């Protein structure tokens with residue numbers, strides 16, 4: 001690294017605020033002014049440098065106009081306006097990419113999260129945690145359509161992900177920046193960031209936070225989101241267990257199919273030899289051929305997946321591990337890590 005590059009990096013580090021607060025916005029024109037009043041009050045009381053990033057996710061009302069008005073009055077505000085509605089995960093990803101703070105805090109812009117809880121999240125981070133997740137313990141949402149599905153989904157996610165949290169759906173969380181720097185979000189995966197972080201060795205905690213009933217505007221989420229969450233959960237479980245060894249999962253199914261083919265073939269031949277049934281009198285020969293073909297397909301898919309994994313890591317010089325800290329190395333070695 002040249003002297004000029006080092007100087008630029010150092011200057012950027014000095015300019016980095018303590019906190020980056022980012023809020024996805026979709027048709028929240030009635031909530032934005034009172035929401036930012038609460039946000040500004042909470043940040044002022046902390047006495048830390050901060051930036052507030054509003055990500056307008058293709059709003060069709062006057063949300064963007066209001067955000068521009070607020071930005072003219074508060075220099076901490078930064079606005080990202082997306083070309084269309086991409087969804088909450090994409091909006092949060094845009095906020096993460098644009099943020100500069102040492103601590104990243106996402107939250108909703110509908111007045112249901114309370115900015116006053118930010119202080120408590122930071123206090124918990126100071127106890128040695130890398131991620132602190134909010135828990136809407138007294139959730140102010142409809143019982144049947146929102147709370148019951150949420151309880152069921154959270155228990156399933158905790159069981160599969162191995163991180164026992166009560167409320168993965170709560171947007172209000174606090175992350176140390178290094179935890180999110182290599183995270184790429186797709187689908188509805190923003191809610192699974194604590195799982196990603198835990199798998200990378202991060203310490204995750206959860207604290208109860210306030211949750212207020214929605215008084216203005218309409219919710220943008222419904223029961224249909226549950227199906228998407230299930231699909232995304234399957235994806236992250238696959239990535240967590242088999243990202244660098246996909247042949248294991250494809251090969252397992254291939255072995256099951258091959259074993260079924262073998263059993264069906266032996267059974268068919270035994271019926272033939274004993275005179276109990278001819279090949280044309282039983283579906284077992286067809287089952288043998290079909291399961292054998294399926295087993296070959298699974299093995300080939302596994303080999304292709306192995307090639308893709310190696311291409312992914314080697315073409316981008318990505319490691320298959322994550323380093324928390326290096327001790328006893330010179331500065332150049334630490335930066336290469």
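The values are calculated or read from the model by the stated rules, or taken from the named source; none is laboratory data. Worth saying up front: this structure is predicted, and the values here are computed from it rather than measured. Ideal geometry is used to build each Cβ from the backbone, glycine not excepted, and the neighbour counts take in all protein chains shown.
Each row is one residue, and each column tells you yes or no for (1) over 18 Å from residue 108 (Cα atoms); (2) modelled with pLDDT of 90 or more; (3) buried (at least 19 other Cβ atoms within 10 Å of the Cβ).
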| site | (1), (2), (3) |
| --- | --- |
| 131 | no, yes, yes |
| 136 | no, no, yes |
| 144 | yes, no, no |
| 152 | yes, no, no |
| 164 | yes, no, no |
| 168 | no, no, yes |
| 172 | no, yes, yes |
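Select from segment 174-187 the residues that are in a helix (DSSP H, G or I) and buried (at least 18 other Cβ atoms within 10 Å of the Cβ) and write down the one among them that is modelled with the lowest pLDDT.
If we take residues in segment 174-187 being in a helix (DSSP H, G or I) and buried (at least 18 other Cβ atoms within 10 Å of the Cβ), then 180 is modelled with the lowest pLDDT.
Pick out, from segment 1-99, the helices (runs of 4 or more DSSP H) lying fully within it that include 3 or more residues that are at pLDDT below 95 and surrounded by fewer than 19 Cβ atoms within 10 Å (Cβ to Cβ). Outline the logic, then answer.
Values: elements: 3-15, 29-46, 63-73, 88-98.
Correct list: 3-15, 29-46, 63-73.
Tally time: how many residues in segment 111-129 are surrounded by 15 or more Cβ atoms within 10 Å (Cβ to Cβ) and touching a strand residue (DSSP E or B) at 6+ places or on another chain (Cβ under 9 Å)?
Result for segment 111-129: 12.
For segment 200-228, name all the residues that are crowded, with 18+ Cβ neighbours inside 10 Å and at pLDDT 70 or above.
Across segment 200-228, the qualifying residues are 202, 204, 206, 209, 211.
For segment 134-156, state whether one or more residues are under 20 Å from residue 19 (Cβ atoms) and either out of contact with any strand residue (DSSP E or B) (no Cβ under 6 Å at 6 or more places or on another chain) or touching a residue at least 24 places away in the same chain (Cβ under 8 Å) (or both).
Yes: one or more hits.
Looking at 231, 238, 250 in this structure, which one is under 25 Å from residue 196 (Cα atoms), free of Cβ contacts under 8 Å to residues at least 12 places away in the same chain and either surrounded by 14 or more Cβ atoms within 10 Å (Cβ to Cβ) or within 23 Å of the chain's Cα centre (by Cα) (or both)?
Criteria check complete, one pass: 238.
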